[in-house]
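Right, one structure below, let's go through it.
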Amino acid sequence: MLRRLATLVEEHREELALIESQNVGKPIGGARGEVGMVADVFHYYAGAIDKHHGATVPVANGVDMTFREPLGVVGLIVPWNFPLNIASWKLGPALACGNTVVIKPAELTPLSLLRLAELILEAGIPEGVVNVLVGKGSVVGQRLVEHPDVAKIGFTGSTEVGVGVMRGAADTIKRVTLELGGKSANVIFADADLEKAAAAAPYAVFDNAGQDCCARSRVLVERSAYDRFASLFAEATANVKVGDPSDEATEMGPLISAQHRTTVSSFLDDGARIAFKGETPAGPGFWFPCVLVEATNDDRIAREEVFGPVAALIPFDDEADAIRIANDTPYGLSGSIWTQNGARALRVARALDAGVLSVNSNSSVRVSTPFGGFKQSGFGRELGMNALDGYSEVKNVFYSTEG
Ligand code: NDP
């Protein structure tokens, strides 16, 4: 049934991409890519079903067997920035492990998940196995978190709401996985291919209009290369095509809401040293330009998640300084390291407190590899085989062979 669902998503790719583009205001090209990943996720977990299993363990006087068993009803809560994608990261492993699901989309973006729910029925998954619950997080989300019949909450959203989810789940000792916010570092050493790093940097922070938990919103640059990198970064940012999400050429659309635009703006109010500010289209839409700000790691813009197209440029002196600054944040989701020195790349990757790192690349997400955070970016892993551990319980059975 998961395989049929994956095929149905592929067959409805254009329709789902259009819904998602209109749901979030994201460029149609990006939305198409996300729907492609949704199909891949369902294919992957369909194939994973008979590869995630218990073991026999050598013990004295008998045989010991472990089994992987479903948890029961799991509650899934997803945010508005990648509604369908993040839903699939949770639905795939939850269903593969044999659970039933109550899933809550964000109030601002319920449309794509409601259409997916129709395809879930069309794939033959029985009614009642996947239930979509729409409504305010503080009402229905909270109720789901506290409900005694729900065995686990898989949550993606802000760290602030994640704290409440953990607290609300405590009374019933629910299992919880939390994928929360980030303030990730893009660390550029002077020996990096600066042209390549600068050409890639805008997409690492302005994709999805910066509304991305993995956004490399702190750009740390070795002091000797700072001026050159900053000018290459500004040049590349000026080329980001901001505009109508339905236009195939568009790379960045508007922000999600007027209220969110006010929040993002507030980061530029208090004397921020703006190094570059892009253009926005005229006319309606919650537009916000791409902005580069010169900062220190103590500035609010470097401490808090902006969740908009604003990057903080921060100089560092040497490798130890880069590691110190990169780790000086309560978050620990993702990050990048750009250098042509292989030993340094590995040293820095091992030293950074983050769950998902890339070297000479800004890519964070692959269907078959674990995704999730350190520190206040959460715990538990999505994607890959690791995700299945979070949607199953291990049962241990000892079978005596004594006569
Ligand atoms: P929120 O935390 O505001 O909301 C996330 C989800 O939780 C929504 O469905 C929301 O519902 C719901 N919710 C709100 N209040 C409660 C509550 N009291 N109890 C239960 N559920 C509740 O996050 P955003 O939607 O604003 O998303 C942005 C955040 O998500 C960013 O911080 C970002 O970093 C993070 N994120 C993390 C990812 C990761 O994998 N680490 C990936 C993507 C985003 P409603 O909106 O309907 O009120």
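Since every read-out is calculated from the coordinates, none of them should be taken as a lab result. Quantities reported herein were computed from a predicted structural model and do not represent experimental measurements. No Cβ is skipped: glycine too gets one built from the backbone with ideal geometry, and neighbour counts run over all protein chains shown.
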Which distance in Å, rounded to a whole number, links the C-alpha centroids of segment 103-135 and segment 284-330? 36 Å
Amide H proximity to ILE103 below 5 Å, modelled H, separation 5+ or other chain, gives LEU76, ASN131, VAL132, LEU133
Find which of ILE301, VAL78, VAL359 sits farthest along the positive direction of the dipole of the chain, computed with +1 on the beta-carbon of Lys and Arg, -1 on that of Asp and Glu, about the Cα centre. VAL78
Which value at 222 nm does the chain reach when only helices count, each DSSP H run of 4 or more adding -39,500 (n - 2.57), with the total divided by all residues and rounded to the nearest 500 deg cm²/dmol? -11000 deg cm²/dmol
Per residue of segment 18-34, in order, report the coupling 6.51 cos²θ - 1.76 cosθ + 1.60 (Karplus, θ = phi - 60°) as ³J(HN,Hα) in whole Hz, putting x for Gly and Pro. 5, 4, 5, 4, 6, 4, 10, x, 9, x, 4, x, x, 4, 4, x, 5
Residue by residue through segment 278-283, which ³J(HN,Hα) values in whole Hz follow from phi under the Karplus form 6.51 cos²θ - 1.76 cosθ + 1.60 (θ = phi - 60°), with glycine and proline marked x? x, 9, 10, x, 6, x
At R0 = 30 Å, how high is the FRET efficiency between ASN341 and GLU248 if r is their beta carbon distance? Nearest 0.05 is fine. 0.15
antiparallel share of DSSP beta bridges within the chain, to nearest 5, in %, is 35 percent
Nonlocal amide H pairs with ALA123, under 5 Å, H built at 1.01 Å: none
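Note down the magnitude of the dipole of segment 237-287 about its Cα centre, charges +1 on Lys and Arg C-beta and -1 on Asp and Glu C-beta and zero elsewhere, to the nearest 20 debye.
200 debye
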Compactness relative to 2.2 N^0.38 Å, alpha carbon Rg of segment 167-219: 1.70
What is the extension gain from LEU121 to THR263, computed as 0.36 nm multiplied by their sequence separation minus the C-alpha to C-alpha distance, in nm to one decimal? 47.2 nm
Mean projection area, nm², convex hull over Cα of segment 284-391: 9.1 nm²
I'd like the FRET efficiency for ILE274 and ARG366, computed as 1/(1 + (r/R0)^6) with the beta carbon distance as r and R0 of 25 Å, rounded to 0.05. 0.10
Normalised contact order of the chain, rounded percent, pairs of Cα under 8 Å and 6 or more residues apart: 20 percent
Can you list, largest first and rounded to whole Å, the semi-axes you get for the chain by taking the square root of 5 times each eigenvalue of its Cα gyration tensor? 38, 26, 19
Nearest-0.05 FRET efficiency for LYS395 and VAL139 at R0 = 56 Å, using Cβ-Cβ distance, is 0.95
Please report the relative contact order for segment 137-219, taking Cα pairs under 8 Å with a sequence separation of at least 6, and give it as a percent rounded to a whole number. 27 percent
Hey, could you pull the Cα Rg and Dmax for segment 9-75, both in Å? 20.0, 63
Go through LYS104/LYS395; LYS277/LYS375; LYS241/LYS277; LYS51/LYS174 and tell me which ones have a Cα-Cα distance over 22 Å in this structure. LYS104/LYS395; LYS277/LYS375; LYS51/LYS174
Give, as a single signed number, the net charge of other residues whose beta carbon lies under 9 Å from the beta carbon of LYS395, with Lys and Arg counted +1 and Asp and Glu -1. -1
